[in-house]
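Q: Quick one: structure below, then a few questions.
None of the figures in this text is laboratory data; all of them are computed from the coordinates on show. Every value quoted in this text rests on a predicted model; they were computed, and no experiment measured them. We place every Cβ from the backbone using ideal geometry, glycine too, and count neighbours over all the protein chains shown.
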Amino acid sequence: MTPETVGPLSRLVDVMNIPPRGQEIHVEASAEERDALAKDFGMPGIRALSGDFKLDNTAKGIHVTGVVKASITQVCVVTLDPFDSDIEEEVEVDFAEPSGMPAEPPTDINEYEPPDEIINGQIDLGALTAEFLALGLDPYPRKPGVDFDYRDPGDAKDSPFAALGKLKADE
């Protein structure tokens, strides 16, 4: 793993050092990391970004649960105004060594989600935080209270109902 492949937010955890009872880890993005992520995601800003994770050992690897929280600034697709919003995404991910992954998925592919890889004995909770932030982003953000209700003025005069209304008015 190199910084170029990980992204601007990286918090590597050595899976060999996770106690048998599990481990809780808090990830807090710095201002520089938040700025870089905002640039990567094409948004005006990320005011806060954190992840709280519980890591548990399993027979096949590491089970990670937790929550990613962010306070962000997005641009409304209707008004093009920036607005602030909060994101909270639940996290549940399994990690396994590449050698421990099944060769092929079970027969019911809809229920199979392969584990993420443990690379060089480590998992990256920073990258996981950024990934779940990305999953929580609305691809078409709208400022609260804004609706998109476009009507082409040409549609009203060309509609069959407008023609009927005109005939009725001529009577």
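Q: Can you compute the modelled spin-label distance between I119 and L135, with each label point 7 Å from Cα toward Cβ, in nm?
A: Modelled inter-label distance: 1.8 nm.
Q: For labels at E92 and K39 in the simple 7 Å Cα→Cβ model, what's the distance in nm?
A: For the pair E92/K39, the computed spacing is 3.7 nm.
Q: Let me ask another. Less than 18 Å from a label point 7 Å out along the Cα-to-Cβ axis of S85: which backbone N atoms in the range 43-65 qualify, by residue?
A: Within reach of a label on S85, which here means backbone N under 18 Å from a point 7 Å along Cα→Cβ, the range 43-65 contributes 43-50.
Q: For a quick protection proxy, order the peptides 81-90, 37-46, 122-131, 67-76 by their average other-Cβ count within 10 Å, most packed first.
A: In descending order of packing, they fall as 122-131, 67-76, 37-46, 81-90.
Q: If amide H atoms are built 1.01 Å from N in the plane of the peptide, which residues on other chains or at least 5 residues away come under 5 Å of the amide H of I118?
A: A96, E97
Q: Sort out for me the Cα centre separation of the range 116-140 from the range 18-63, rounded to whole Å.
A: 7 Å
Q: Further, regarding this structure: Could you compute the FRET efficiency for A48 and V78, with r as their C-beta to C-beta distance and R0 at 22 Å, rounded to 0.05?
A: Taking R0 as 22 Å, the efficiency between A48 and V78 is 0.30.
Q: Also, I was wondering about something else. Starting from the Cα gyration tensor of the range 25-80, take the square roots of the eigenvalues, sort them a ≥ b ≥ c, and report rounded, prolate or oblate (rounded when a/c is under 1.5, otherwise prolate if a/b is larger than b/c, else oblate).
A: It comes out prolate by the Cα gyration axes.
Q: Across the range 1-96, what fraction of all alpha-carbon pairs, as a whole percent, falls in each successive 5 Å bin from zero upward?
A: Here the calculated profile for the range 1-96 is 3, 12, 18, 20, 17, 13, 9, 5, 2, 1, 0.
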